[in-house]
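Enquirer: Sharing a structure with you now.
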Amino acid sequence: MALPVAQPAEVLRAWQKDDLYEKQLAESLARLMPSQHAPKAVPISSLLYKSFTTLKDLQTLGEEYSGIVQVDESYHKLPAYGNRFISILLSAFGEALTRRFFHRLEKQVEQNHTLRPEAQNVFLIILKTLNNIVPQVISIHRGLAYINGGPLQIGKNLSGIDYVHVRPAAAAYYTHLRLLGIVTLLHAIISCGQSFYMAKKYMYQLHELPNEVESEKSCAACLEEMLQPCVLHCGHIFCMQCCYGALDSCALCRTPFIKSNVVPLMNYYPGTILK
């Protein structure tokens, strides 16, 4: 007889506990690593934590705390080793690899001289938008998990992994989680809508005003009149709203930058020559 499927409350509590332990491990690893490699401590800690638990046919500390066990799609046995390994890799590196994939596509489009500039700009807008909504896709999946149950990580779903619980479920949490799931879904959908709206707006401006991006008086990132111009360390100039807003790399040469290195040009007006 199969064990009952784990309810959202148990899955959420297990994920919260495991996330706490992984963050503590990441902090310890970051202190041991050179400062330039410290950001890698987070995915490495996730990989190590799950490798010493899930890959060893053991419950994680969070799963043990909540009384749930990972199972395959039959709900009768543990997931295959390969499925567990894939889910761990996707959990630790999935979002970063997805973002890197879109960045690489952007560079390929920029370096493709066979494309017309108009088509090149359209492809770049689409890729940038898809890259921006990656966190929202994760939030949508999490919201659905709050409502319908199942793993909170997309990697586990893709690997055919689910949970069963071995202790009585906490029914009092179900209504609250459904409400949280609805709020999470609404927020993620609205955020996606805003990203698609801005992409549509940029495409419309490219279609109506094809020369405006090249104008010295327009910001190449938002295509609006450049107000409060700022210069990046690569030498390109954009409006302050873009530099301190959504941009994390130069919209023209794709050079990454940090906000603290942005230099406002207090006495410079677009279209004039810097002296």
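Enquirer: Tell me, which residue of region 130-146 that is among the β-branched types (Val, Ile, Thr) and crowded, with 18+ Cβ neighbours inside 10 Å is nearest to the chain's Cα centre (by Cα)?
Expert: Of everything passing the filter in region 130-146, Ile133 is nearest to the chain's Cα centre (by Cα).
Enquirer: Would a scan of region 189-203 turn up a residue that is of a type in the set (Val, Ile, Thr), crowded, with 16+ Cβ neighbours inside 10 Å, at pLDDT 80 or above and assigned to a helix (DSSP H, G or I)? Break it down into steps so the answer makes sense when it comes.
Expert: Pass one, region 189-203, residues of a type in the set (Val, Ile, Thr): 189-190.
Okay, now just the ones that are also crowded, with 16+ Cβ neighbours inside 10 Å, so none.
So far as region 189-203 goes, no, none of its residues is of a type in the set (Val, Ile, Thr), crowded, with 16+ Cβ neighbours inside 10 Å, at pLDDT 80 or above and assigned to a helix (DSSP H, G or I).
Enquirer: Being of a type in the set (Gly, Ala, Ser), crowded, with 19+ Cβ neighbours inside 10 Å and touching a residue at least 40 places away in the same chain (Cβ under 8 Å) narrows it down to one residue among Ala41, Ala26, Ala6; which is it?
Expert: Numbers: Ala41 fails: touching a residue at least 40 places away in the same chain (Cβ under 8 Å); Ala26 fails: touching a residue at least 40 places away in the same chain (Cβ under 8 Å).
Of the residues listed, the single one that is of a type in the set (Gly, Ala, Ser), crowded, with 19+ Cβ neighbours inside 10 Å and touching a residue at least 40 places away in the same chain (Cβ under 8 Å) is Ala6.
Enquirer: Next up: With the requirement that a residue be of a type outside the set (Lys, Arg) and open to solvent by 70 Å² or more (accessible area, probe 1.4 Å), what does region 49-58 give you? Working first, answer last.
Expert: Start the filter on region 49-58 by keeping residues that are of a type outside the set (Lys, Arg), which leaves 49, 51-55, 57-58.
Matches in region 49-58: Phe52, Asp57, Leu58.
Enquirer: Working only within region 103-115, note down all residues that are under 18 Å from Leu223 (Cβ atoms) and at pLDDT below 85.
Expert: Across region 103-115, the qualifying residue is only Glu110.
Enquirer: Return the only residue of Tyr49, Tyr21, Tyr65 being without any contact (Cβ under 8 Å) to a residue 40 or more places away in the chain, on the phi < 0 side of the Ramachandran plot and among the hydroxyl-bearing types (Ser, Thr, Tyr).
Expert: Values: Tyr21 fails: without any contact (Cβ under 8 Å) to a residue 40 or more places away in the chain; Tyr65 fails: without any contact (Cβ under 8 Å) to a residue 40 or more places away in the chain.
Every option except Tyr49 fails the conditions.
Enquirer: Which of the residues belonging to region 251-275 are of a type outside the set (Val, Ile, Thr), at pLDDT 80 or above and in a loop (DSSP other than H, G, I, E, B)?
Expert: Hits for region 251-275 are Phe257, Leu265.
Enquirer: Taking only pairs six or more apart or across chains, which ones have beta-carbon atoms under 7 Å, a first residue in region 117-131 that is among the acidic types (Asp, Glu), and a second residue that is buried (at least 17 other Cβ atoms within 10 Å of the Cβ)?
Expert: Correct list of pairs: Glu118/Leu206.
Enquirer: With (1) surrounded by fewer than 17 Cβ atoms within 10 Å (Cβ to Cβ); (2) under 30 Å from Asn148 (Cβ atoms); (3) at pLDDT 80 or above as the list, and Val164 as the residue in question, which single condition is left unmet?
Expert: Against the list (1) surrounded by fewer than 17 Cβ atoms within 10 Å (Cβ to Cβ); (2) under 30 Å from Asn148 (Cβ atoms); (3) at pLDDT 80 or above, Val164 comes up short only on (1).
Enquirer: From the list Tyr65, Tyr75, which one is aromatic (Phe, Trp, Tyr), assigned to a helix (DSSP H, G or I) and over 21 Å from the mean Cα position of the chain (by Cα)? Break it down stepwise before answering.
Expert: Details: Tyr75 fails: assigned to a helix (DSSP H, G or I).
One residue alone meets the criteria, Tyr65.
Enquirer: If you don't mind, another one. Just checking, does region 167-179 include any residue being surrounded by 13 or more Cβ atoms within 10 Å (Cβ to Cβ), in contact with a helix residue (DSSP H, G or I) (Cβ under 6 Å, 6 or more places away or on another chain) and at pLDDT 75 or above?
Expert: Among the residues of region 167-179, at least one is surrounded by 13 or more Cβ atoms within 10 Å (Cβ to Cβ), in contact with a helix residue (DSSP H, G or I) (Cβ under 6 Å, 6 or more places away or on another chain) and at pLDDT 75 or above, which makes the answer yes.
Enquirer: Now, a different point. Can you tell me which residue within region 214-248, out of those that are farther than 20 Å from Pro117 by Cα and polar (S, T, N, Q), is least open to solvent (accessible area, probe 1.4 Å)?
Expert: Once the filter is applied, the top-ranked residue is Gln228.
The values are calculated or read from the model by the stated rules, or taken from the named source; none is laboratory data. All values derive from a computational prediction rather than experimental measurement. Cβ coordinates were reconstructed from backbone atoms using ideal geometry, including for glycine residues, and neighbour counts include every protein chain displayed. The protein model used for the area step is the full one, side chains on, heavy atoms only, and it has no ligands, DNA or RNA in it. Shrake-Rupley method; radii C 1.70, N 1.55, O 1.52, S 1.80 Å.
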